[in-house]
Amino acid sequence: MDEYLEQLYQEIILDHSKRPRHERELDPCTGRAEGYNPLCGDKVTVFVREEEGKIAEASFLGEGCAISRASASIMTTLLAGLTAEQAHAKAREIYEMLTKAEEPRIDLAENGEIAALAGVRKFPARIKCATLAWHALEDALHGTEAP
Ligand code: ZN
């Protein structure tokens, strides 16, 4: 990853951690779940409201490091309009991006701001920070699927 890109990604993460989008409780919501990352002390609660089989809105409350907050914030901007299945697929994409051995092909234009988190690959101890909100999201979506 070149230097310019790395800097741009860092700015995106800083921006989201300082001014998180959708940082509030969602009431009413159809699902909520908490996540805790003991390695870093990050805590997150993710809220989703599903309507007619799609995510209408998602939000979070959290405290922790810049990466965990930025990841949660970026996540909430990506979910509106997705089905639970599509959201699970997106979560799997993120896990792969962060843990696959080969360098992921990911860029801002194609993948949006989530690409900014790709740099976390280089810091294995921080991967849990970046995936915390996504795991909580998957829990929040469970139990809200059609019977
Ligand atoms: Zn963290």
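Table: residues versus (1) surrounded by fewer than 22 Cβ atoms within 10 Å (Cβ to Cβ); (2) basic (Lys, Arg); (3) farther than 13 Å from Ile114 by Cβ; (4) more than 14 Å from the ligand (Cβ to nearest atom).
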site	(1), (2), (3), (4)
Phe47	no, no, yes, yes
Glu57	yes, no, yes, yes
Gly64	yes, no, yes, no
Arg69	no, yes, yes, no
Thr83	yes, no, yes, yes
Gln86	yes, no, yes, yes
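Taking Arg32 as the residue in question, decide whether it is in contact with a helix residue (DSSP H, G or I) (Cβ under 7 Å, 6 or more places away or on another chain) and open to solvent by 50 Å² or more (accessible area, probe 1.4 Å).
Criteria met by Arg32.
Looking only at region 92-106, decide whether some residue is within 16 Å of the ligand (Cβ to nearest atom), touching a residue at least 24 places away in the same chain (Cβ under 8 Å), under 15 Å from Tyr9 (Cα atoms) and assigned to a helix (DSSP H, G or I).
Within region 92-106 (the criterion being within 16 Å of the ligand (Cβ to nearest atom), touching a residue at least 24 places away in the same chain (Cβ under 8 Å), under 15 Å from Tyr9 (Cα atoms) and assigned to a helix (DSSP H, G or I)), the answer is yes, since at least one residue qualifies.
Mind checking which residues of region 48-64 are part of a strand (DSSP E or B) and acidic (Asp, Glu)?
Going through region 48-64, the residues part of a strand (DSSP E or B) turn out to be 48-51, 54-63.
Selection gives Glu50, Glu51, Glu57, Glu63.
Here is a list of conditions, (1) assigned to a helix (DSSP H, G or I); (2) open to solvent by 20 Å² or more (accessible area, probe 1.4 Å); (3) more than 16 Å from the ligand (Cβ to nearest atom); (4) not aromatic (Phe, Trp, Tyr), and Ala115 meets all of them except one; can you say which number that is?
All conditions are met except number (2).
Test Lys43 against the criterion of being out of contact with any Gly (no Cβ under 8 Å at 6 or more places or on another chain), within 16 Å of the ligand (Cβ to nearest atom) and open to solvent by 60 Å² or more (accessible area, probe 1.4 Å), and give yes or no. Steps first, please.
Details: out of contact with any Gly (no Cβ under 8 Å at 6 or more places or on another chain): no; within 16 Å of the ligand (Cβ to nearest atom): yes; open to solvent by 60 Å² or more (accessible area, probe 1.4 Å): yes.
In short, no.
Taking region 65-91 on its own, how many of its residues are over 19 Å from Cys129 (Cβ atoms), assigned to a helix (DSSP H, G or I) and of a type outside the set (Gly, Ala, Ser)?
Count: 3.
Could you go through region 120-130 and let me know if any residue there is within 16 Å of the ligand (Cβ to nearest atom), free of Cβ contacts under 8 Å to residues at least 60 places away in the same chain and open to solvent by less than 40 Å² (accessible area, probe 1.4 Å).
Quick first cut of region 120-130, residues within 16 Å of the ligand (Cβ to nearest atom) only: 120-130.
Checking the rest, the ones that are also free of Cβ contacts under 8 Å to residues at least 60 places away in the same chain come to 120-124, 127.
Filter again for open to solvent by less than 40 Å² (accessible area, probe 1.4 Å), leaving 120, 127.
Scanning region 120-130 turns up at least one residue that is within 16 Å of the ligand (Cβ to nearest atom), free of Cβ contacts under 8 Å to residues at least 60 places away in the same chain and open to solvent by less than 40 Å² (accessible area, probe 1.4 Å).
Just to verify a result, which residue in region 2-31, among those that are among the polar types (S, T, N, Q) and under 18 Å from the mean Cα position of the chain (by Cα), is nearest to Val48 (Cα to Cα)? Can you show your working first?
Applying the first criterion (among the polar types (S, T, N, Q)) to region 2-31 yields 7, 10, 17, 30.
Now restrict to residues that are under 18 Å from the mean Cα position of the chain (by Cα): 10, 17.
Values: Gln10: 27, Ser17: 20 Å.
Filtering first and then ranking leaves Ser17.
Scanning for something touching a strand residue (DSSP E or B) at 6+ places or on another chain (Cβ under 9 Å), within 16 Å of the ligand (Cβ to nearest atom), open to solvent by 20 Å² or more (accessible area, probe 1.4 Å) and in contact (Cβ under 8 Å) with a residue 24 or more places away in the chain, does region 12-20 turn up at least one residue? Show your work before the answer.
So in region 12-20, the residues touching a strand residue (DSSP E or B) at 6+ places or on another chain (Cβ under 9 Å) come out as 20.
Filter again for within 16 Å of the ligand (Cβ to nearest atom), leaving 20.
Those left that are additionally open to solvent by 20 Å² or more (accessible area, probe 1.4 Å): 20.
This time we only want the ones that are in contact (Cβ under 8 Å) with a residue 24 or more places away in the chain, so: 20.
Yes - at least one qualifying residue is present in region 12-20.
The values are calculated or read from the model by the stated rules, or taken from the named source; none is laboratory data. In this text, all values refer to a predicted model and were calculated from it rather than measured experimentally. Neighbour counts are summed over all protein chains in view; Cβ atoms, including those assigned to glycine, are modelled from backbone coordinates with ideal geometry. Side chains included, ligands, DNA and RNA excluded: accessible areas come from the protein's heavy atoms. Shrake-Rupley method; radii C 1.70, N 1.55, O 1.52, S 1.80 Å.
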